Amino acid sequence: MNRKNQNKRREFLNNVCPTVAMAFLGVSLLESCSSGGDDADIGGGGGNNGGGNNNTGYTKNGNDVTINLNHSNFNKLHSDGWFNLYQEKILILKISSSSYRAFTGSCPHQGTHTAWSYNGSSSEFVCGQHGNSYKTDCATAGTGGVLKCYTSVLSGSSLKVTKS
Ligand code: FES
């Protein structure tokens, strides 16, 4: 590049906004903002397509998530005995038709919330991300420690889970 062209380029870069200049130089601002978080959707048990309204079978109000147990999105809770409401990072375990237990859906190890499975014979949730297991009695440590339980209150077909 000769001196005249270099000066034109310098003048152009001095007169455009920084975003355009960055684009001109081939630097993506979006790339520079990437955090590389843990939200990769790697699948896992029992999720639904929810978003927190009546169409999805649950509603949110602050820390409370109220689930309509009769909604078809929660059929797997009844057939499988557990459910990963991953949109709200809540795991639900069906103890009986009148008893449910709720847990954080964020793995205590590194926060993955989409790789859960349930091992009924050992009463453990297993996080497939690194294989740690968690007992479901809200007290006993598994290989990854204790999985935090949330308060849940059953009222008819409504299960209110308070995340705290
Ligand atoms: S993030 Fe769950 S075992 Fe590592």
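Near the amide H of W82, within less than 5 Å, lie the amide hydrogens of K94, all on another chain or at least 5 residues away, with H placed in the peptide plane.
For the stretch 112-164 versus the stretch 74-93, the inter-centroid distance based on Cα atoms is 10 Å.
Using the per-residue mean of other Cβ atoms lying within 10 Å as a proxy for protection, in what order, highest first, do the peptides 81-93, 152-164 fall? Walk me through the numbers before you get to the answer.
Details: 81-93: 22.3, 152-164: 14.6.
Ranking the peptides 81-93, 152-164 by packing returns 81-93, 152-164.
What FRET efficiency would be calculated for the residue pair N61, S96, taking the C-beta separation as r and a Förster radius of 25 Å, to the nearest 0.05?
Working: r = 27 Å, r/R0 = 1.06.
Once the sixth-power term is evaluated, E becomes 0.40.
Estimated from the Cβ-Cβ distance and a Förster radius of 25 angstrom, the FRET efficiency linking H109 and V153 is about 0.30. Here the label points at A139 and D80, each 7 Å from Cα along the C-beta direction, are separated by 2.8 nm in the simple model. Couplings 3J(HN,Hα) for the stretch 123-129, derived from phi with the Karplus relation 6.51 cos²θ - 1.76 cosθ + 1.60 (θ = phi - 60°), are 6, 9, 8, 10, 8, x, 4 Hz, where x marks Gly and Pro.
Each reported figure results from applying straightforward, stated rules to the coordinates on display, with no laboratory input. Treat the numbers as computed from the prediction; the structure is a model and nothing was measured. Note that we place each Cβ from the backbone using ideal geometry, even for glycine, and neighbour counts take in every protein chain shown.
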